[in-house]
1. Find the centroid of the Cα atoms in the range 2-79 and in the range 128-201, then give the distance between the two in whole Å.
2. For a protection proxy built on the mean count of beta-carbon atoms within 10 angstrom, sort 45-51, 108-114 highest first, please.
3. Among the lysines, which fall within straight-line cross-link reach of Lys45, defined as a Cα-Cα distance under 18 Å, with same-chain neighbours fewer than 8 residues apart omitted?
4. When the helix-only estimate is applied to the chain (DSSP H runs of n ≥ 4, each -39,500 (n - 2.57), divided by the residue count), what is the mean residue ellipticity at 222 nm, nearest 500 deg cm²/dmol?
5. Once you charge only the Cβ atoms, +1 for Lys and Arg and -1 for Asp and Glu, what is the size of the charge dipole of the range 1-118 about its Cα centre, to the nearest 20 debye?
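FYI, it's all coordinate maths here, none of it is from the lab. All values derive from a computational prediction rather than experimental measurement. Because the Cβ atoms are built from the backbone with ideal geometry, glycine has one as well, and the counts that use them run over all protein chains shown.
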Amino acid sequence: MPLQEVYRRLFEAFGPQHWWPGESPIEVVVGAILVQNTSWTNVEKAILKLREAELLDPRALVDIPLEELEEYVRSAGYFRIKARRLRNLMQFIVDRFDGSLDAMFRTPLAELRPALLSVSGVGPETADSILLYAGQLPTFVVDAYTYRIFTRHGWIEPETDYHRLQEYSQSQLPDEVQLYNEFHALLVRLGKEFCRKTNPRCAQCPLRELLPPGGPIGSDE
């Protein structure tokens, strides 16, 4: 199935999603760490506290005692783990780019992505979210919703890993930041509202005509 047709149908059904919900690149970077295994609502509370304390700066987040940072991000859950991961990423930005996000995002994508993945606590989805949403760099973000939607429609095999799914997606789409941004957000909305993990709403789904005969593949209804 051509993914541009999938994108067209989702955009017609849902319209623009206005992602990512951060007010600045540093908020997006921080949010990409804090949103792991939690909702954005919980992350917003932590970011608000960091903003009010004037801590939304790589150097400030490196200098603050770790125990204090843990308290600021407590609302995001797993706060001790996330505080360490956030500290690791901010230390990387300070050490490699003198604390400048502008300098970091001027680095070629082919060089910056592996560097981000070398930071403890930064996996492919987190790295690509930072690159796409904070850095405006053309890399397609894959998440659990993407995998679920694509496997249920039979577009990929169940054993397809993150990088193969990313390559599959990027091979079918123009290399455009705005399209990658919007498509990922649309897939998230589809996954939350229709292609749910249990009790999917296939009959009402905007992509229902694209399902294989017999219904979704491997649906865990």
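1. 18
2. By packing density, highest mean first, the sequence is 45-51, 108-114.
3. Output for Lys45: Lys82.
4. It comes out at -16500 deg cm²/dmol, rounded to the nearest 500.
5. The calculation lands at about 420 debye.
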